[in-house]
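Asker: Can you keep this structure in mind? I'll have questions shortly.
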Amino acid sequence: MIDLSISIVLYKNPPQQIQNLLNCIYANHLSCKIYLIDNSPIDDLKTLVDNNNVEYIFNNKNIGFGKAHNIALERSVDRSLYHLVLNPDIEFEEGVLDRIFDFMQLHKDVGQLLPKVFYKNGELQKLCHLLPQPVNLISRRFFEKAKWAKRLNDEYELNGFAYDRCLNIPNLSGCFMFLCCSVLKQSGLFDERYFMYMEDIDLCRRIHAISKTVFYPDVSIIHGFEKESYTNNIVLKYHINSAIKYFNKWGWINDKKRKLFNKQVLERLDATLHETV
């Protein structure tokens, strides 16, 4: 049993970007197994394998985000204490993974963790959200400047949250998913019906139903985040298709768990605000 397995899905990434991420991982002291799952059309990135703890898996086609990560998860869930789903455009300092591991070991009721995330310019990324209603995704994408959309988005993005303390959130970003493998055995892995987008929300809410899914502010990472669906119409279609599959699965209007989970997180957030006062 190793401490941590890590999966990174690749698609035509600059080799130096992935090498920088690997160097960040190497600067920690856990026993790790790293899976590079390559959805690129050619296997140029196999040259990144530089030690026995890195395994390169070439799919020869783009099979999607969740399906690619599941290749590593299926190999890891019985061999690792924890698994980290990691975007290629992530950077972090030495010791970050060690500190997260220690926190998870002390808090066995936590099934998933997201640290504090910053843009490269130092601005905070607000990646703790409520579970979405259809109107949230529509307003964010197509009516961003409207006052009514801003009000909806402020609630959805938990704009009253200062990102200064741990909070149990049902919708954490998929850019850095530190997962407890024993919980994954109960929740199941990524739903492979999603090609890209929404699969992280789907998995997080399933984990949230049986354990805590926690924002942890004591360590931070950098994420080179890009809203590609805002500029690429093909990617926008993937996003729309995934949203349809998500709401068909969980409910467009009558999603009882969404109502319950969102009510609970708003109550927890309100309690923390009163503590601050």
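The values are calculated or read from the model by the stated rules, or taken from the named source; none is laboratory data. Note that the structure is a prediction, hence the values are computed from the model and not measured. Quick reminder, even Gly has a Cβ in these numbers, built from the backbone with ideal geometry, and neighbours come from all protein chains shown.
Asker: Going by the structure shown, is N153 surrounded by 17 or more Cβ atoms within 10 Å (Cβ to Cβ), among the polar types (S, T, N, Q) and under 22 Å from D270 (Cβ atoms)? Walk me through how you get there before you give the answer.
Answerer: Numbers: surrounded by 17 or more Cβ atoms within 10 Å (Cβ to Cβ): yes; among the polar types (S, T, N, Q): yes; under 22 Å from D270 (Cβ atoms): yes.
Yes, satisfied.
Asker: OK, next. Of everything in region 120-144 that's modelled with pLDDT under 85 and either of a type in the set (S, T, N, Q) or farther than 29 Å from I221 by Cα (or both), which residue is surrounded by the fewest Cβ atoms within 10 Å (Cβ to Cβ)? It would help to see each step written out before you state the result.
Answerer: In the first step, residues of region 120-144 are kept if they are modelled with pLDDT under 85; the result is 140-144.
Among the residues that remain, those that are also either of a type in the set (S, T, N, Q) or farther than 29 Å from I221 by Cα (or both) are: 142-143.
Values: F142: 9, F143: 15.
By that ranking, first place goes to F142.
Asker: Could you please find all residues in region 152-169 being out of contact with any His (no Cβ under 8 Å at 6 or more places or on another chain) and either within 21 Å of W252 (Cβ to Cβ) or among the hydrophobic types (A, V, I, L, M, F, W, C) (or both)?
Answerer: Of everything in region 152-169, those that are out of contact with any His (no Cβ under 8 Å at 6 or more places or on another chain) and either within 21 Å of W252 (Cβ to Cβ) or among the hydrophobic types (A, V, I, L, M, F, W, C) (or both) turn out to be L152, N153, E155, F161, A162, C166, L167.
Asker: Continuing with the same structure: Among the numbered criteria (1) polar (S, T, N, Q); (2) out of contact with any Leu (no Cβ under 9 Å at 6 or more places or on another chain); (3) crowded, with 20+ Cβ neighbours inside 10 Å, which single criterion is violated by S80?
Answerer: (2)
Asker: Out of all the residues in region 101-123, is one or more of a type outside the set (K, R), under 16 Å from the mean Cα position of the chain (by Cα), under 22 Å from L22 (Cβ atoms) and part of a helix (DSSP H, G or I)? It would help to see each step written out before you state the result.
Answerer: Residues of region 101-123 that are of a type outside the set (K, R), as a first pass: 101-107, 109-115, 117-119, 121-123.
Still in the list and also under 16 Å from the mean Cα position of the chain (by Cα): 110-115, 117-119.
From the residues that got through so far, the ones that are under 22 Å from L22 (Cβ atoms) too are 113-115, 117-119.
Next cut, part of a helix (DSSP H, G or I) only: none.
Checking region 101-123: not a single residue is of a type outside the set (K, R), under 16 Å from the mean Cα position of the chain (by Cα), under 22 Å from L22 (Cβ atoms) and part of a helix (DSSP H, G or I).
Asker: A further question on this structure: Of the conditions (1) surrounded by 16 or more Cβ atoms within 10 Å (Cβ to Cβ); (2) of a type in the set (D, E, K, R); (3) within 21 Å of D102 (Cα to Cα), R75 satisfies every one except a single condition; which number is it?
Answerer: It is condition (3) that R75 fails.
Asker: Has region 85-100 got at least one residue that is closer than 20 Å to Y194 by Cα and part of a strand (DSSP E or B)?
Answerer: The initial filter retains those residues of region 85-100 that are closer than 20 Å to Y194 by Cα, namely 85-88.
Still in the list and also part of a strand (DSSP E or B): 85-86.
Looking for residues that are closer than 20 Å to Y194 by Cα and part of a strand (DSSP E or B), one finds at least one in region 85-100, hence yes.
Asker: Scan region 169-207 for residues that are part of a loop (DSSP other than H, G, I, E, B) and of a type in the set (G, A, S) and jot them down. Full working, then the answer.
Answerer: First, pick out the residues of region 169-207 that are part of a loop (DSSP other than H, G, I, E, B): 169-170, 173-175, 188-198.
Selection gives S173, G174, G188.
Asker: With E91, E192, E199 as the choices, which residue is touching a Lys or Arg at 6+ places or on another chain (Cβ under 8 Å), under 28 Å from I63 (Cα atoms) and modelled with pLDDT of 95 or more?
Answerer: On the way: E91 fails: touching a Lys or Arg at 6+ places or on another chain (Cβ under 8 Å); E199 fails: touching a Lys or Arg at 6+ places or on another chain (Cβ under 8 Å).
None of the others qualify; the one that does is E192.
Asker: For region 8-45, how many residues meet the condition of being outside any strand (DSSP E or B) and among the aromatic types (F, W, Y)? Step through it out loud before you land on a result.
Answerer: First pass over region 8-45, keeping only residues outside any strand (DSSP E or B): 11-31, 39-45.
Subset that is among the aromatic types (F, W, Y): 11, 26.
Here the count works out to 2.
Asker: Continuing with the same structure: May I ask you to list pairs of residues, at least six apart or on different chains, whose Cβ atoms are under 9 Å apart, with the first in region 132-145 being within 16 Å of D200 (Cβ to Cβ) and the second being polar (S, T, N, Q) and not in a helix (DSSP H, G or I)?
Answerer: Qualifying pairs under 9 Å: P132/N171.
Asker: Quick one: in region 23-69, of everything that is buried (at least 19 other Cβ atoms within 10 Å of the Cβ) and aliphatic (A, V, I, L, M), which residue is nearest to Y194 (Cα to Cα)?
Answerer: The selected residue is A68.
Asker: Of all the residues that make up region 109-131, how many are touching a residue at least 40 places away in the same chain (Cβ under 8 Å) and either closer than 18 Å to C24 by Cβ or of a type in the set (K, R) (or both)? Walk me through it before giving the result.
Answerer: Going residue by residue through region 109-131, those that are touching a residue at least 40 places away in the same chain (Cβ under 8 Å) are 109-120, 125, 127-131.
Next, from what is left, pick out any that are either closer than 18 Å to C24 by Cβ or of a type in the set (K, R) (or both): 113-120, 125.
The qualifying residues number 9.
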